[in-house]
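Input: a single structure, listed below in structure tokens.
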Amino acid sequence: MTTVCHRPEGLEQLEAQTNFTKQELQILYRGFKNECPSGVVNEETFKHIYAQFFPHGDASMYAHYLFNAFDTTNNGSIKFKDFVVGLSTLLRGTLREKLEWTFHLYDINRDGYINREEMTEIVRAIYDMMGKYTYPALKGDVPQQHVDAFFRKMDKNKDGVVTLEEFVIACQEDETMMRSMQLFENVM
């Protein structure tokens, strides 16, 4: 079986498409190639790499959702360009870009809405990922309480789903959310 290697677009083109410098892109590419010599990451490899950051929990489900958010072409793999464009958005994008990316992560079925089932899946995946260090400790109804709180805050028109605009507005009104978005700006 032959392994197909993927070479990314030129650094100048990636520099123009992202908020990274040429030097930062070179560093990111070396790390990416070190973990994924073929230049492409499949979901299983992504889950394995991501799990290393959460040794006390099961990160596989959250990694699945995260993988799908990076896999913008829905082809079951992430190329360096996909990875670096998403990372650029998360770390250096505008507030609106970060919120849109996060919304698309939570919109599991990609229908343009976050419903209660999707949010419940995301919350459970986060609790599983955090494992025994989850606070408050996971009890049967804690994920549902988080989902209920999310919908009370986000579902402005009370129609049972959260649209992108509702999500953006509610996040912008929430001080804690705004501080967490600013934390990403100090990475790299």
Probe 1.4 Å - accessible area at THR176, Å² to nearest ten: 90 Å²
Dipole magnitude of the chain about its Cα centre (Cβ charges: Lys, Arg +1; Asp, Glu -1), debye to nearest 20: 480 debye
Unsatisfied cross-links (Cα-Cα over 27 Å) in the set LYS47/LYS153; LYS47/LYS81; LYS47/LYS98; LYS79/LYS153; LYS98/LYS158: LYS47/LYS153; LYS79/LYS153
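Where does the chain land at 222 nm, in deg cm²/dmol rounded to the nearest 500, when only DSSP H runs of n ≥ 4 count, each adding -39500 (n - 2.57), divided by all residues?
Numbers: 10 runs with 113 residues, N = 188.
For the chain, the value works out to -18500 deg cm²/dmol.
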Cα convex hull of the chain, projected area averaged across orientations, nm²: 11.9 nm²
Residue-wise HN-Hα coupling along the range 56-62, computed from phi with Karplus coefficients 6.51, -1.76, 1.60 (Hz; x: Gly, Pro): 9, x, 10, 8, 4, 6, 5
Å² per residue, accessible surface of the chain at 1.4 Å: 58 Å²
Helix 164-173 axis, angle to the chain major axis (alpha carbon atoms, nearest 10°): 80 degrees
Rounded accessible area of HIS146 (nearest 10 Å², 1.4 Å probe): 80 Å²
Inverse mean reciprocal Cα-Cα distance (Kirkwood Rh) of the range 34-145, Å: 15.0 Å
Heavy-atom accessible surface of the chain: percent carbon and sulfur, 1.4 Å: 55 percent
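The values are calculated or read from the model by the stated rules, or taken from the named source; none is laboratory data. Quick caveat: nothing in here was measured; it's all calculated off a predicted structure. Backbone-built Cβ (ideal geometry, glycine too); neighbour counts: all protein chains shown. Each accessible area value is taken on the protein alone, full model and side chains, heavy atoms only, with ligands, DNA and RNA left out. Shrake-Rupley method; radii C 1.70, N 1.55, O 1.52, S 1.80 Å.
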